[in-house]
Amino acid sequence: MTTTAGPFAGPFAGTSRLTARRRESELDALASGPAVDLLVIGGGVTGAGVALDAAARGLTVALVEARDLAFGTSRWSSKLVHGGLRYLASGRIGVARESAVERGVLMTRTAPHLVRPLPQLVPLLDGLMKPGQAALVRAGFHAGDALRLSAGTPGRLLPRVRRVGADRARALVPGLRGAGLSGALVAHDGQLVDDARLVVALARTAAQYGVSVLTRVRAEQVTGTGARLTDTLTGESFPLTARAVVNATGVWAGEVDPSIRLRPSRGTHLVVDAAALGRPAAALTVPVPGSTSRFVFALPQQLGRVAIGLTDEDAPGPIPDEPQPTEAELDFLLDTVNTALETALTRADVRGAHAGLRPLIDTGDGATADLSRQHAVLESPNGVITVVGGKLTTYRRMAEDAVDTAVRLRALPARACWTARLPLVGAPAHRDSRPAPEGGVAASLLARHGGAAGEVLAAGEERLGAGHGAPVAEGIDVSRAEIAYALTHEGALDAEDVLHRRTRIGLVPADAERARAAVEEIAATMR
Ligand SMILES: Cc1cc2nc3c(=O)[nH]c(=O)nc-3n(C[C@H](O)[C@H](O)[C@H](O)COP(=O)(O)OP(=O)(O)OC[C@H]3O[C@@H](n4cnc5c(N)ncnc54)[C@H](O)[C@@H]3O)c2cc1C
């Protein structure tokens, strides 16, 4: 029988704090304890969402992640919370509406502290668009507005599309080319401060509901009723029995369940200083020359950067831990964005580059089926339930579908899904409110931690004393307190987790090198 207060709720029940000690203790409990209701494999946005959904319904859940939370595709996204506009263009109204609804849930209820409204600007520049293309973009934006309305997301959160003059366009994106600029269309979508932070918030909220969140634990020999789990830190392994198993390993899904055949496609972003585009307040949308439907985006990011993306390249073969962008992709992104800029960016402006893999289903005849729009929940012959595809924006819906499937197939005694009303760690308790700035709390800290910002500072002061609010390294807008908090509350096990997944300092390799010594020194004081 299922209980909500099983051994895994144990000494850590009710707390979202993830620590190395908790990990060890919960691993021990799992190795010697009874079966769990659900084993979730993969600690990206999908797996963390599934674990939270199931635990909030009253099931006992273990979540295992071979490396670290958000190690895979979930940290290489464009960090947009899409309203589904792009799916309207291909007539997929159901998928578009699902995105718009989930965007509204994230922005008003579950994670308003992590998602902000982002103006997106399409410049009306001589020669940039084909005749009639601007009218198409405008029609699309209006359709997006209608979707927003139908999803119940208020216009004060995501303002309606409007046309602005050339001066306003250049105020929003100062790097925009002036000659031939007659104005711009401006629409709004949601933007995450950081995709990996969404995953960490999900995993911590899941932990609060009793999920054993176990990083550096690899699942092997996976069946519909369990798996062999190996602690990659010690090499020890043990079998875990579960009433249902969900494979949420993204592009690695075929390694866990050989009946799944994927053929990934690579999406690359490069990172430049925001100053190189005049510190834009809006995302710049630039049509790819020769195409009416493809665009390159220059997206303002935290830490004073702009990310420029996105490519779509076939990437067959073994799945690498960290996919690498190619030189040709970097040239394509720079060439495209430069068509709209006053001063062209060059390779010397590139501070970093990263790539993620989208899972496409390999149909075996050389063709692929695109799962990047809609997700799939599949049951393999050995009973493993795989949830794959979709996007960050729709993780909650994917999780609901996967858990519904597990509950139905294995007759698990679970309540109905209620995650659309469940605020994540750091979110305000009341719908439609946003974390209010507190005296002395930096805006960047609030953007990354929401209502937990005060706790971050308090924990930092306790551990580090005076100087806890200082930047980890000169010019890097991440405080020493956040580094400590990553290790004491967010399940980071070493400096790499901190640099690359709890903070995103590592998106610029030179910054990671500058911050590494301080991060390692703080980590040493935590042991
Ligand atoms: C370039 C790019 C840009 C994107 N931009 C956006 C965007 O702006 N907005 C949006 O909504 N969506 C976006 N998406 C889609 C979104 O990023 C993905 O849908 C989502 O991150 C997939 O998450 P996941 O949890 O399914 O997979 P992953 O994040 O890859 O997680 C799978 C995890 O499983 C773990 N794992 C693998 N094997 C095992 C094992 N045997 N045992 C234990 N753990 C294992 C891996 O270490 C990994 O952490 C983008 C995708 C790409 C590729």
(message) Against the condition within 15 Å of the ligand (Cβ to nearest atom), touching a helix residue (DSSP H, G or I) at 6+ places or on another chain (Cβ under 7 Å) and not hydrophobic (A, V, I, L, M, F, W, C), how does G140 come out, does it pass?
(response) no
(message) So for region 115-134 (the condition being outside any strand (DSSP E or B), of a type outside the set (A, V, I, L, M, F, W, C), free of Cβ contacts under 8 Å to residues at least 40 places away in the same chain and surrounded by fewer than 20 Cβ atoms within 10 Å (Cβ to Cβ)), does at least one residue qualify?
(response) yes
(message) Among the residues in region 8-31, are any within 29 Å of L147 (Cβ to Cβ), in contact with a helix residue (DSSP H, G or I) (Cβ under 8 Å, 6 or more places away or on another chain) and either open to solvent by 10 Å² or more (accessible area, probe 1.4 Å) or modelled with pLDDT under 95 (or both)?
(response) no
(message) Restricting to region 177-199, name every residue that is in contact with a helix residue (DSSP H, G or I) (Cβ under 8 Å, 6 or more places away or on another chain), within 12 Å of the ligand (Cβ to nearest atom) and either open to solvent by less than 10 Å² (accessible area, probe 1.4 Å) or at pLDDT below 95 (or both).
(response) G190, L192, D194, D195, A196, L198, V199
(request) Kindly establish whether V296 is open to solvent by less than 20 Å² (accessible area, probe 1.4 Å) and assigned to a helix (DSSP H, G or I). (result) no
(request) Name the single residue, out of those in region 255-279 being within 10 Å of the ligand (Cβ to nearest atom) and either open to solvent by 30 Å² or more (accessible area, probe 1.4 Å) or part of a helix (DSSP H, G or I) (or both), that is farthest from A353 (Cα to Cα). (result) V256
(request) Pull up region 337-376, narrow it to residues that are modelled with pLDDT under 70 and assigned to a loop (DSSP other than H, G, I, E, B), then point me to the one that is farthest from the ligand (Cβ to nearest atom). (result) D365
(request) Go through (1) at pLDDT 95 or above; (2) over 16 Å from D194 (Cβ atoms); (3) surrounded by fewer than 23 Cβ atoms within 10 Å (Cβ to Cβ) one by one and return the number of the condition R103 breaks. (result) (3)
(request) Give the residues of region 77-106 that are in a helix (DSSP H, G or I), in contact (Cβ under 8 Å) with a residue 40 or more places away in the chain and under 19 Å from D312 (Cα atoms), sorted by residue number. (result) L85, Y87, A89
(message) Could you check region 40-74 and list, in sequence order, the residues that are of a type in the set (A, V, I, L, M), closer than 21 Å to H269 by Cβ and more than 6 Å from the ligand (Cβ to nearest atom)?
(response) L69, A70
(message) Checking Q324 against (1) within 14 Å of L277 (Cβ to Cβ); (2) open to solvent by 70 Å² or more (accessible area, probe 1.4 Å): exactly one of these is not met. Which one?
(response) (1)
(message) Looking at region 377-398 only, could you name the residues that are assigned to a helix (DSSP H, G or I) and either touching a Leu at 6+ places or on another chain (Cβ under 7 Å) or among the β-branched types (V, I, T) (or both)?
(response) L392, T393, T394
(request) Read through the list (1) farther than 22 Å from V45 by Cα; (2) open to solvent by less than 10 Å² (accessible area, probe 1.4 Å), then give the number of the only condition that V245 fails. (result) (1)
(message) Could you check region 302-314 and list, in sequence order, the residues that are in a strand (DSSP E or B), at pLDDT 95 or above and surrounded by fewer than 22 Cβ atoms within 10 Å (Cβ to Cβ)?
(response) R305
(message) Given the options T241, T223, name the one that is closer than 19 Å to L38 by Cβ and away from the ligand (no atom under 16 Å from the Cβ).
(response) T241
(request) Within region 402-448, work out how many residues are within 16 Å of the ligand (Cβ to nearest atom) and either surrounded by fewer than 20 Cβ atoms within 10 Å (Cβ to Cβ) or modelled with pLDDT under 95 (or both). (result) 1
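The values are calculated or read from the model by the stated rules, or taken from the named source; none is laboratory data. None of the values given here were measured: they were computed from a predicted structure. Positions of Cβ are generated from backbone atoms using ideal geometry, with glycine treated the same way; all protein chains shown enter the neighbour counts. Keep in mind that these areas ignore ligands, DNA and RNA; they rest on the heavy atoms of the full protein, side chains included. Shrake-Rupley method; radii C 1.70, N 1.55, O 1.52, S 1.80 Å.
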